[in-house]
Every structure is written in structure tokens, then in C-alpha cells.
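Down below is the structure, laid out as C-alpha cells.
Only the coordinates and a few stated rules stand behind these numbers; no lab work does. These figures come from a predicted structure and were not determined experimentally. No Cβ is skipped: glycine too gets one built from the backbone with ideal geometry, and neighbour counts run over all protein chains shown.
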Amino acid sequence: MVNIMFRWLIVPCLLWLYPSNSTNTIYEKSLHPFYVSMVDIKHNAKEKTAEVSIRIFTEDLENTLKKYGNTRIDMVKPTNKAIVDKLLNDYIQQKLHIKLNDKPVNMQYIGFEQQLESIWTYLEIKEVPTIKKVEVNCNLLYDYQEKQTIIFHIKSNGKEKSYKLDNPETSFKVNIEQ
């Protein structure tokens, strides 16, 4: 709520006080001052799967997919959801690689949904009886924003580990047992 009030009340006043002819105005900076995405990897012991959820700001994802797929993308009201699903899946499969317990895994694309100002994308890794080690190589949105940060949360067997990648850093390894 505070963010909305800031945008509607404070920013126009700043624009009036500090007009700018450049394309990088105070208003544009206040709309999106940071570039953070989040990846959750949760082990589902009952189903023996790993559930991967990726949260990306809608505007960032649309701009990235536009550049990646060389076409305009509307994630909120896609004209052809199948095309958006394919483009999103292809992009994620190219940019996010995961090894569980020292073995590369295949992620099955489930779909996406919009929540507030972001898009949640869901993938699943089958046949995962346990997660002891996780190795990630990821450069999601690095081709869009050089200040991109990706925060990872990994949950398994009641334990949680977190890790942060700042562009250009692309990989990390974590042992869940420790």
C-alpha cells in the first residue's frame, strides 16, 4: 500500500520539482528500483518429487521473453497461452540447470500464474526420493538486467537453505544435510 501511495503521491511531486528530458526519469527509477527474482525448490517426500517455483516481476519477464523470443509478450492477458507457455518453458530450460544428489535432472513445466506484480512459474522434477545435495547453474534474466539478483530457497527433510546469486555469478552448491 505504501508503494502505491508513493507512486501516486510522491513521485509526481518529485517529477514536478526535478523535471528530466532523459529516458531514465525519477519516476521510472522509483517504479522498479531493484531486480530480484526468487526460486524455491521444495522436496515433496510423499510424492517423491522436487517442486520448483520461480517468481519474477511481470514487466521483467515480459521484456526478457520479448528479447529472447523476438516477439511481444503479454503475461497477464496472453493472446495465445500455448505460445507463451512454450517460450517461457524454453527460456527457463535454457537458463536454469539443477543437479540433485550429483545427478542432472529434467524439469517438467507445469504452468504459470500472475500474483500481484509478479509471475509464478511452476516446474516439477520426478523420482526424487530425497535431496541431500543441490547444485544450481542459473542466469535467469541476466540477459535483461545486469543488476539481477536471484534468491534461492531450498527445503528438504525439514531443513531449509538459502543462497543468493548476483549477476554475473551463476552457480552454487549446497549440502542440505549440513
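Here are a few things to note about the model shown:
- Candidates per GluC sites (Glu not before Pro) in region 100-145, loop by DSSP, up to 13 other Cβ within 10 Å: GLU117, GLU127
- A full extension of the chain between PHE34 and GLU117 corresponds to an added length of 28.5 nm, given 0.36 nm per residue minus the alpha carbon distance.
- With R₀ set to 22 Å, the beta-carbon distance separating ASN44 from THR149 gives a calculated FRET efficiency near 0.25.
- As a rough footprinting exposure proxy, the listed residues ASP74, ASP90, ASP60 were ranked by other beta carbons within 10 Å of their own, and the order from fewest upward is ASP74, ASP90, ASP60.
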